[in-house]
Amino acid sequence: MNLATSTTTPRHGLMPLNPSSAVSSLRRSLFSSLRKISPLTPMASAPASAALSTTAPADNGAAKPAEMQPVQVAKRLEKFKTTIFTQMSMLAVKHGAINLGQGFPNFDGPDFVKEAAIKAINAGKNQYARGYGVPELNSAVAERFLKDSGLQVDPDKEVTVTSGCTEAIAATILGLINPGDEVILFAPFYDSYEATLSMAGADVKAITLRPPDFAVPLEELKSAVSKNTRAIMINTPHNPTGKMFTREELEFIADLCKENDVLLFADEVYDKLAFEADHISMASIPGMYERTVTLNSLGKTFSLTGWKIGWAIAPPHLTWGVRQAHSFLTFATCTPMQSAAASALRAPESYFEELRRDYGAKKALLVDGLEAAGFVVYPSSGTYFVMADHTPFGFGDDVEFCEYLIREVGVVAIPPSVFYLNPEDGKNLVRFTFCKDDDTLRAAVDRMKAKLRRK
């Protein structure tokens, strides 16, 4: 496997930095998104009716401005606005910056998987699929889960195919969480968790993982569990920190779940990107399968994030709720891509070994470069992200630093404060991704080494 080490210009990122692009609108657009203020939200000094303009024809046929209308969104989603990933990727393009922010590869997935998709399309597999997945993919998911976790599951009763892991997360939360239920997350967390829990009317608690090792504060977690706690959600390997939950931590969480009759939602999309220890699936901890929903997807492992093929594995009594929600979210997932995904999951073990080796080399390239540029870089045992401390450069918080990084250095990173219930907990941190070809990583590192100065 070649995770894009060629010298050709990648499709994302490597546009030359234009100093004139450092326009004043950058600070406004960046701050408006990162502070969770929509660009369409009325400014305090403007009337609400001036939030959004449309155009209507005048009597003489010419266009004239119509009355402006305020943007509308349900109260449960008012705080979320445009996702940080969308905004930062737009800024990367707008300002000619190299995008080490959003976690999508700038190289393509393996040919054998793409060829399987083409074959499925040409074979006429183009109509609605069975709602919970085509049989060949459900079977492939079950086979892969048996190899990875040692657990045998029924592909027809315990595997639900979804449109990406984000939909699997949504179906799990909307299908199993009631308004007023309490759900515990570990901050920083993937922003979809909080937004979907808000849609479900859940009460969210967050336990903060802190550098340098982002260990779980076990006693704090124990104190957070209450009679109202319905579920704990974990992500291992963990985005954005790169942490892998240890067996001790998983067993402690498992004991809490069993003692308090709490469900466990396990987001394991980065399970094949575990560099320093074997991934442990929470469902494999004794006594946990019956209360665990395991969430995964194709995109990260096979560099096919645009296909949006995910799945949820759970015992039948939990699968029922997941499928009820899934039926009214997307009903079914892309049929030919499901057939190709089945081929992907049956890849030989050598594929996954080479994947880890290639990404390990990319991680070393980025980490060495960040340290040479002056960052304090925290250990990353999994995923394709690293977290670093930006404070040596003298900026007040992560938003201010990322704004400078785009405008003056020409590199995009993610300000992690948006992944915390309390943004102050993440203000000293910055997240970079290394799922890019080697030339892109080197170019980004070179820019940072040349233009960043410790203070």
Test for Asp368: is it of a type in the set (Asp, Glu) and farther than 23 Å from Asp213 by Cβ: no
Residue satisfying condition, being open to solvent by less than 20 Å² (accessible area, probe 1.4 Å), among the β-branched types (Val, Ile, Thr), part of a loop (DSSP other than H, G, I, E, B) and closer than 30 Å to Ala332 by Cβ, within set Val269, Val293: Val269
Considering residues of region 397-410 that are out of contact with any strand residue (DSSP E or B) (no Cβ under 8 Å at 6 or more places or on another chain) and touching a residue at least 12 places away in the same chain (Cβ under 8 Å) only, the residue nearest to Val377 (Cα to Cα): Asp397
Out of Glu259, Glu249, sole residue that is open to solvent by 20 Å² or more (accessible area, probe 1.4 Å) and not in a loop (DSSP other than H, G, I, E, B): Glu259
Failed item, numbered, when Glu349 is tested on (1) free of Cβ contacts under 8 Å to residues at least 24 places away in the same chain; (2) closer than 22 Å to Phe434 by Cβ: (2)
The listed residue being among the aliphatic types (A, V, I, L, M) and open to solvent by less than 10 Å² (accessible area, probe 1.4 Å), out of Leu77, Leu137: Leu137
Of the criteria (1) open to solvent by less than 10 Å² (accessible area, probe 1.4 Å); (2) in contact (Cβ under 8 Å) with a residue 40 or more places away in the chain, which one Ile207 fails: (2)
Filtered residues of region 343-382 (kept if touching a helix residue (DSSP H, G or I) at 6+ places or on another chain (Cβ under 8 Å), closer than 23 Å to Asp148 by Cβ, open to solvent by less than 10 Å² (accessible area, probe 1.4 Å) and not in a helix (DSSP H, G or I)): Ala347, Ser380
Trp311 vs. criteria aromatic (Phe, Trp, Tyr) and either part of a strand (DSSP E or B) or at pLDDT below 95 (or both): yes
Residues of region 383-414 satisfying the condition of being among the charged types (D, E, K, R), surrounded by fewer than 24 Cβ atoms within 10 Å (Cβ to Cβ) and modelled with pLDDT of 95 or more: Asp389, Asp397
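The values are calculated or read from the model by the stated rules, or taken from the named source; none is laboratory data. Keep in mind it's a predicted model, so treat the numbers as computed, not measured. All Cβ positions, even for glycine, are placed from backbone atoms using ideal geometry, and neighbour counts span all protein chains on display. All accessible areas refer to the heavy atoms of the entire protein, side chains included, with ligands and DNA or RNA removed. Shrake-Rupley method; radii C 1.70, N 1.55, O 1.52, S 1.80 Å.
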